Amino acid sequence: MALLPKALSRLIESFEKLQGIGPKSAQRLAFYLLHVPQDELDQFGDRLKTLKSSTVLCAVCKNVAENDPCPICSDQNRDDSIICVVEQPTDVLSIERTGKFKGFYHVLHGCLDPLNNIGPDEIYIGQLIKRVQGTGNRVQEIILATNPNMEGEATAMYITKQVKGQMSKVKITRLAHGLPVGADIEYADDVTLSRALEGRREY
């Protein structure tokens, strides 16, 4: 029985640990890299090594950036009366592509998911509440742009309850019109996201 070299087996195991990568995909990726020229492989390895050391979480919005605060939070031309709450940094990229939103963001880095032991303390909900409270009355609206699935809805409801209980004057809206239930914001096209932002409703 032929066995894979240890270096290849270990690489396949590492790929399998990545979200969305199954055993067959992991094998294909590993064998593909065997045929990549060594200099390109070295460059790929270097980029992996510096991925965490060359990035930070913005202390304000929790988005991934090179500097703290991030470019969006440093932009004085944006509207500081609106905060758009999203689940992942990729959602910020998607919404920014529409060119329709000029406020600020808050990235939760997940959503409430009791089945996987993810509660409010495991994501950046508390930091959002403190952030809004710390702005006095400047924040007039919070857009809840969590994904339109069970976990996203539960997260939106929890945030609404927390905000309304402490800051009743803050308007809370939810993305609507165009985002299908069960879909992720990351994969939505620009037109769909634009309509969702324009047609948001009070929550």
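No lab work stands behind these numbers, since they all come straight from the coordinates. Note that the coordinates shown come from a computational prediction; the quantities given were computed from them, not determined experimentally. Here the Cβ is made from the backbone with ideal geometry for all residues, glycine too, and neighbour counts use every protein chain on show.
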Read through the labelled values (1) -0.44, -0.90; (2) -0.37, -0.84; (3) -0.29, -0.75 and report the label of the one computed as log10 I(q)/I(0) by the Debye sum over Cα atoms at q = 0.09, 0.14 Å⁻¹ from the structure.
-> (1)
Antiparallel bridge percentage (DSSP; both residues within the chain; nearest 5) = 30 percent
Residues in the range 111-144 near a label at Ser81, defined as backbone nitrogen under 16 Å from the 7 Å Cα→Cβ point?
-> 135-143
Taking neighbour Cβ counts within 10 Å as the exposure measure, how do Thr155, Thr90 sort from fewest upward?
-> Thr90, Thr155
Under a Gaussian network model of the chain whose springs join Cα atoms within less than 10 Å, the largest fluctuation of Gly22, Gly126, Gly136 belongs to Gly22
Using a 10 angstrom cutoff on alpha carbons, build the Gaussian network for the chain and name the most mobile of Glu141, Glu96, Glu40.
-> Glu40
Rounded, prolate or oblate: which fits the range 6-53 when a ≥ b ≥ c are the square roots of the eigenvalues of the alpha-carbon gyration tensor, with rounded for a/c under 1.5 and prolate only if a/b beats b/c?
-> oblate
Label-to-label distance, nm, for residues given as Val36 and Ala176 (7 Å Cα→Cβ offset) = 4.6 nm
Value at 222 nm in deg cm²/dmol, rounded to 500, when DSSP H runs of n ≥ 4 in the chain each add -39,500 (n - 2.57) | -13000 deg cm²/dmol
Proximal lysines relative to Lys52, as straight alpha-carbon distance under 29 Å, when same-chain residues fewer than 8 apart are discounted = Lys6, Lys17, Lys24, Lys62, Lys102, Lys130
At a Cα cut-off below 16 Å, give the lysines reachable from Lys171, other chains included and same-chain residues fewer than 8 away excluded.
-> Lys161
Can you tell me how much longer the chain between Thr50 and Thr135 gets when fully stretched, taken as 0.36 nm per residue apart minus their C-alpha distance, in nm with one decimal?
-> 27.1 nm
Pairwise FRET efficiency - Leu115 versus Gln43, Cβ, R0 = 41 Å, nearest 0.05 = 0.55
